[in-house]
Amino acid sequence: MENYEELLGMLLEKLAPTLQNLEVKQASNEIPVGISNRHVHLSQSDVDKLFGAGYQLTKLKDLSQPGQYACKETLIIAGPKGVIEKVRILGPVRNQSQVEILQGDSFKLGIKAPLRLSGDLAGSAGATLIGPNGSVELKEGVIVAKRHIHMLPEQAQRFGVTDGEEVTIHFTGPRGGALNQVIIRAVENSGLECHIDTEEANALGVTSNTNIVIQKN
């Protein structure tokens, strides 16, 4: 028992700096950034049409949001003026298919995708999805995603914000600056992360190692 307590004491002593850094990070006002490229969320009925009846999407890797993952499968998105190939599918399946594209993709496809939060699809743009086993005509469901921050309700309390609130974010770096109209999404089963798309990230020099801080509007 004495040897056990001695070893435990030595282990805690070695871990102390790591634990202290973790506590500081958790208490920090900094929020990590996730950079989103164009992608597709599918309903199971559309998965069946595109890949075959009963097809199950293949997980490639987990994403930062709990339960969400990138799939091995990709699709072609087609519009009146052009196509975009190898667009990644994200899982799990949803009740309604949703396509999130970049603003520049709207011009290439020849559609007018509105700036929306995920799930706000009524009256949005349409497009054709082409898979290895067929195609799907979406009457609506194509959007450009609004920048937003995922967090738990208790984290929202710590940051002094509420679900649905608009805030301004600040970041450092060679092109450091600020972005406004960033929506707080404070719901259960969330991972703390600010989501912007690749166009915004490239324009502002933001990388996956960049952290942001919130300034309320």
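The values are calculated or read from the model by the stated rules, or taken from the named source; none is laboratory data. Predicted model only: the values in this text are computed from it and were never measured. Counting neighbours? That spans all protein chains shown, and the Cβs are built from the backbone with ideal geometry, glycine included. These accessible areas exclude ligands, DNA and RNA; they are computed on the full protein's heavy atoms, side chains included. Shrake-Rupley method; radii C 1.70, N 1.55, O 1.52, S 1.80 Å.
What the table shows:
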| read-out | value |
| --- | --- |
| Breaking point among (1) in contact (Cβ under 8 Å) with a residue 60 or more places away in the chain; (2) of a type outside the set (Asp, Glu); (3) over 18 Å from VAL144 (Cβ atoms); (4) loosely packed, with under 15 Cβ neighbours inside 10 Å, for LEU117 | (3) |
| Residue within segment 145-154 that is small (Gly, Ala, Ser) and either over 22 Å from SER106 (Cβ atoms) or free of Cβ contacts under 8 Å to residues at least 60 places away in the same chain (or both) present | no |
| Which listed residue, of PRO92, PRO132, PRO153, is open to solvent by 20 Å² or more (accessible area, probe 1.4 Å), farther than 25 Å from VAL47 by Cβ and not small (Gly, Ala, Ser) | PRO153 |
| Strands (runs of 3 or more DSSP E) contained entirely in segment 112-217, each with at least 1 residues that are in contact with a Pro (Cβ under 9 Å, 6 or more places away or on another chain) | 125-130, 135-145, 177-186, 193-197, 211-216 |
| Long-range neighbours under 7 Å by Cβ, at least six apart or interchain, first residue farther than 18 Å from ASP105 by Cα within segment 123-137, second among the basic types (Lys, Arg) | GLY134/LYS49; VAL136/LYS49 |
| Set LYS61, LYS81: member being basic (Lys, Arg), closer than 17 Å to GLU137 by Cα and open to solvent by 60 Å² or more (accessible area, probe 1.4 Å) | LYS81 |
| Answer residue from segment 161-180, given it is loosely packed, with under 15 Cβ neighbours inside 10 Å and modelled with pLDDT of 95 or more and is farthest from the chain's Cα centre (by Cα) among those | THR162 |
| Residue match in segment 186-201 (condition: farther than 30 Å from ALA78 by Cα and of a type in the set (S, T, N, Q)) | yes |
| Top-ranked residue of segment 30-43 - restricted to ones that are open to solvent by 20 Å² or more (accessible area, probe 1.4 Å) and either more than 18 Å from ALA127 (Cα to Cα) or hydroxyl-bearing (Ser, Thr, Tyr) (or both), ranked as farthest from the chain's Cα centre (by Cα) | GLU30 |
